[in-house]
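First the structure, in the form of structure tokens, and then the observations on it.
The values are calculated or read from the model by the stated rules, or taken from the named source; none is laboratory data. Computed from a predicted model, the values in this text were never measured in an experiment. Every residue, glycine among them, receives a Cβ derived from its backbone with ideal geometry; neighbour counts consider all protein chains shown.
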Amino acid sequence: MNGEILSTIAVCAALTLLVRALPIVFLSRMRMPAVLLDWLGFVPSAIMAALVTAEVVGRPAMTPSGISISLVATIVAAAAGAVSRSLFATIVAGVAAFLVLQALLM
Amino acid sequence: MVTQNSSTYDVGNEKYSAAALFRKGVVACGPTVLGYWSIGFAAGAIGTLAGFSLGEICALAGLLYAGSAQFLFYSMHGTGDGMLPIVLAVLLVNMRYLLMSSAMAIYFGNARTFEKVIGGALLTDETFGVAAQYGRRHGALPFAWLLGLNLSAWINWIVANIAGALLASSLPPALTSGLGFSLVTMFIGLLMMIWFASRNRKLETLTIAVAVAATAVSVGRIDPSVAILAATVLAATVATVLLRLGRSGGRES
């Protein structure tokens, strides 16, 4: 194993650990103001929506006819999620839609 | 509210042993396993193709434990970047965990320090989504449940990385790109489950709309990690302002 790679991994891992754990360790001890609690309550949907959008816009998987397979599969997954209210059904429907569209249109 | 004796937890009106909650946490991880496997497999395969050893790939999967940061690590190392640029880029990509960890902190008020450290150390986009939804439904995050969720995610991730590293070139690229899309569908599913568990769906919908619009206009112009952070901060701020305005308006009328 390469020493520089390993030390780079170690530094990256240590900093990522701090980023992940410090807010839980310190904020959980404090009495946070209500406005901050409200704000943090909106973070889960905001961050998930941003992650989805960044992925779909960044990797649209365009067909020759100009359709974004990622976008269509996203809509299929969302529809499946709305009907089933199941995380598993949402994932399976979205991946299946992506694979089928890719096989048919690309 | 969760109260904890030596071996049982009360969640809502029901009593569970730590072992039962641990098992429930493992089960809650189930739907995300397909995502962990396809992304982890891809990450391990790219590691091998980029010339990394199995040991290094395991170290990255187990210790850094973050898909997008691992992809970034491989590609930057491949283009000859040294330690400092790689560390800074990984830190930037992982900054979103500051927000997620802060949002989780409200459920750790009664937790012991080692529980907080472990709960934070194994935080990922997916476990955050699952845990945020559970916390909202039950008003608490029992440590045994979180540990079951986190450990099964972590182990699946490492095993998938190893499998990808060993089988790098044996899957057809069309299948891997399709499976790669499971990352997106997982985020969609988690987003919808969080929305269904929400008490204020109007503002939650607005949050999503603002985050989508802000990300869509900024991705491609600025670094995607910065775009995600900025869109999250903006959307949560807009929703909070409207929530507060609505409350004070309601009090006056």
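Among the residues of the range A:45-59, some residue qualifies, meaning at least one is surrounded by fewer than 24 Cβ atoms within 10 Å (Cβ to Cβ), of a type outside the set (Ser, Thr, Tyr) and more than 7 Å from chain B (Cβ to nearest Cβ).
Note on the range A:23-37: residues that are facing chain B (nearest Cβ under 7 Å), surrounded by fewer than 24 Cβ atoms within 10 Å (Cβ to Cβ) and modelled with pLDDT of 90 or more total 4. For the range B:36-58, indicate whether the set of residues that are touching a Phe, Trp or Tyr at 6+ places or on another chain (Cβ under 8 Å) and farther than 27 Å from A:Ile91 by Cα is non-empty. Among the residues of the range B:36-58, at least one is touching a Phe, Trp or Tyr at 6+ places or on another chain (Cβ under 8 Å) and farther than 27 Å from A:Ile91 by Cα, which makes the answer yes.
Taking the range B:162-250 and the helices (runs of 4 or more DSSP H) fully enclosed by it, the elements with 3 or more residues that are among the hydroxyl-bearing types (Ser, Thr, Tyr) and at pLDDT 90 or above are at B:201-218.
Would you mind finding the one in A:Ile5, A:Ile24, A:Ile9 that is of a type outside the set (D, E, K, R) and touching a Lys or Arg at 6+ places or on another chain (Cβ under 6 Å)? Testing whether each residue is of a type outside the set (D, E, K, R) and touching a Lys or Arg at 6+ places or on another chain (Cβ under 6 Å) leaves just A:Ile24.
Scanning the range B:85-99 for residues that are at the interface with chain A (Cβ under 7 Å from one of its Cβ atoms) and either at pLDDT 95 or above or part of a helix (DSSP H, G or I) (or both) returns B:Ile86, B:Val87, B:Val90, B:Leu91, B:Asn94, B:Arg96, B:Tyr97, B:Leu98, B:Leu99.
When B:Ala231 is tested against (1) surrounded by 21 or more Cβ atoms within 10 Å (Cβ to Cβ); (2) without any contact (Cβ under 8 Å) to a residue 24 or more places away in the chain; (3) more than 16 Å from B:Leu99 (Cα to Cα), just one condition goes unmet, and that condition is (3). Within the range B:214-224, identify whether any single residue is touching a residue at least 12 places away in the same chain (Cβ under 8 Å) and among the aliphatic types (A, V, I, L, M), and answer yes or no. So far as the range B:214-224 goes, yes, one or more of its residues are touching a residue at least 12 places away in the same chain (Cβ under 8 Å) and among the aliphatic types (A, V, I, L, M). The set of residues in the range B:184-205 being more than 7 Å from every other protein chain (Cβ to nearest Cβ) and more than 18 Å from A:Trp39 (Cα to Cα) is empty. Elements of the type helices (runs of 4 or more DSSP H) sitting completely within the range B:1-84 and holding at least 2 residues that are more than 23 Å from the chain's Cα centre (by Cα) and either farther than 20 Å from A:Leu15 by Cβ or modelled with pLDDT of 90 or more (or both): these cover B:18-29, B:33-49, B:54-59. Within the range B:197-253, if we keep just the residues that are of a type in the set (D, E, K, R) and in contact with a Phe, Trp or Tyr (Cβ under 7 Å, 6 or more places away or on another chain), the residue that is farthest from B:Leu92 (Cα to Cα) turns out to be B:Arg201.
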